[in-house]
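Remarks on the structure that follows.
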Amino acid sequence: MAQYPQAGTPITAATPESVAAVAERAQVEGISLVWFLYADHGGIIRGKSASEAALPSRMVTGIGHTVAMMAMSMLDHLQPVEGMSPVGEVRIMPDPATFVPLPYAPGAAAMLADLVQPDGAPWDGCARTYLRRAVADLAAEGFVAVAAFEPEFTLGRREASPDGGPDRLVPADDSLCYSATGFHLAHDYAIDLHHALRAQGLQVENYYPELGHGQQEMSVRHAPALRAADNQVLYRETVRGVAFRRGMWASLAPKPIADQAGNGAHLHVSLREAGSGGEPGEPVFYDPADRYRLSAAGYHFIGGLLAHLLALTALTCGSVNSYRRLAPQMWSSAYTVYGMDNREAAVRICSPMRDDEAGSVNLELKPSDSSGNPYLALGACIHAGLDGIRRKLDPGEAVNVDPAILTDAERLAVGARRLPASLAEALDALEADDLLMESLGDLRRRAYLAVKRSEVAAFAGADPAYECFEHFTKI
């Protein structure tokens, strides 16, 4: 896969060289359609495709698109947002560095795309542009963010409900967590998924059957921030596409089955010094003298995450369904604390690996799932952490017990606030957070809040079967 552009690169039409290179690959590899993909405010991956013949032209012009689509909810309900009406046009502009053939869709390839104005200038409603700007803010401070999403998903089949209700997701197995039985039962699918991810340039690191029935986890290696979010989009579509080709169904929804373990997408982040040409340099979070091997900058970054975490959750856990998972003693975190290898803490300091102690120290944000737009989620994490570094925020002492077993007084003493119990509460916190609201900008924040408030209203009073159906069929 080609190198990604450096932080702050203007969003402009592709160069003649990149157009020619991609067009040649499409022809040689027998590609008929190229999908231009983006993530919307409802957390849905959308896009349009160009034919192989039209590809050279559309890589320069983009594909025309109504501005209204970024005001569409996950239920395809269009919200009234000024600046995103039926009047107005953007272009879906593909990034040629992201071109990948799709192994699960023979004859098709994909590129990740920005939404730009007709003249190629950045558009304030584009989520990928939001992350680009966060990366540029980091670069101005001399840092590069390296990140990875760690998604879980449920593998099964979509079946009609015996009681006449909405379709349900029936898991592929009922194996135990990490059990060899789970490996056996999902083996063919897992091998197909591994091959498909690797063919797209995603380096698979670990795979195992998880706690829930049919639940799987296949993690991919970290990458610079923009690439990490692009990887999450490709990952989501590959998980589902490979399943569809096998006559199965896979869902990354937080709670596709109400009484089973939820699917997270824990977000791992570390900072590096900005090296030559903006490439990641020396690790910033490592301090061999610290008891947790974490530097002062790492603690300040945690301080920023915790200070903004109630609001941040509205972006990292972006659906009504998310809050069925986000509860005490679910290993998804429920309180604003951090700890060393504490999987009930909102922020986990990950113990380093012996083969690369300095480079492997990273922070894991637990309240995060695949219903969030990855560009907004990671961009907002960067803004929150950078605020902590700039203001030298102290996160307090690490909490190395499950915060749910503490008394109210003990939680108060360590600053453990309960995370939002609903998307509505999270959105209230987001609206009250000046830093994150300012980072989103006027158009983006109005659209995001309108879309998400509409989803809260749409699922108010709905039974779990309907909510799970609408989420597992779309995410």
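Would you be able to say whether some residue in segment 37-55 is under 14 Å from G125 (Cα atoms), among the charged types (D, E, K, R) and part of a loop (DSSP other than H, G, I, E, B)? The answer is yes, given that some residue of segment 37-55 is under 14 Å from G125 (Cα atoms), among the charged types (D, E, K, R) and part of a loop (DSSP other than H, G, I, E, B). The single condition from (1) open to solvent by less than 40 Å² (accessible area, probe 1.4 Å); (2) under 20 Å from A398 (Cα atoms) that A289 fails is (1). Among the residues of segment 1-48, count how many are among the β-branched types (V, I, T), at pLDDT 95 or above and in contact with a strand residue (DSSP E or B) (Cβ under 7 Å, 6 or more places away or on another chain). Residues meeting the conditions: 3. Considered as a group, the residues in segment 342-379 that are under 28 Å from V414 (Cα atoms) and of a type in the set (S, T, N, Q) include one that is nearest to the chain's Cα centre (by Cα), and that residue is S368. Within segment 408-434, being open to solvent by less than 60 Å² (accessible area, probe 1.4 Å) and either more than 14 Å from L315 (Cβ to Cβ) or in a helix (DSSP H, G or I) (or both) holds for R411, G415, A416, A421, S422, L423, A424, A426, L427, A429, L430. Report yes if some residue within segment 307-316 is surrounded by fewer than 24 Cβ atoms within 10 Å (Cβ to Cβ), at pLDDT 95 or above and not in a helix (DSSP H, G or I); otherwise report no. Looking for residues that are surrounded by fewer than 24 Cβ atoms within 10 Å (Cβ to Cβ), at pLDDT 95 or above and not in a helix (DSSP H, G or I), one finds none in segment 307-316, hence no.
Please enumerate the residues belonging to segment 162-179 that are open to solvent by less than 90 Å² (accessible area, probe 1.4 Å), modelled with pLDDT of 95 or more and either out of contact with any strand residue (DSSP E or B) (no Cβ under 9 Å at 6 or more places or on another chain) or closer than 28 Å to A465 by Cα (or both). P166, D167, L169, V170, P171, A172, D173, S175, C177, listed by residue number. Do we have any residue at all in segment 382-395 that's modelled with pLDDT of 95 or more, surrounded by fewer than 17 Cβ atoms within 10 Å (Cβ to Cβ), of a type outside the set (F, W, Y) and touching a Gly at 6+ places or on another chain (Cβ under 6 Å)? Yes, that holds for at least one residue. Taking (1) crowded, with 18+ Cβ neighbours inside 10 Å; (2) within 28 Å of Q329 (Cβ to Cβ) in turn, I405 satisfies each apart from (1).
Of all the residues in segment 183-206, those that are open to solvent by 50 Å² or more (accessible area, probe 1.4 Å) and touching an Asp or Glu at 6+ places or on another chain (Cβ under 8 Å) number 2.
The values are calculated or read from the model by the stated rules, or taken from the named source; none is laboratory data. Model, not experiment: these values are computed from the prediction. So basically every Cβ, Gly included, is an ideal-geometry build from the backbone, and we count neighbours across all protein chains shown. Remember, those area values only see protein heavy atoms, side chains included, never the ligands or the DNA or RNA. Shrake-Rupley method; radii C 1.70, N 1.55, O 1.52, S 1.80 Å.
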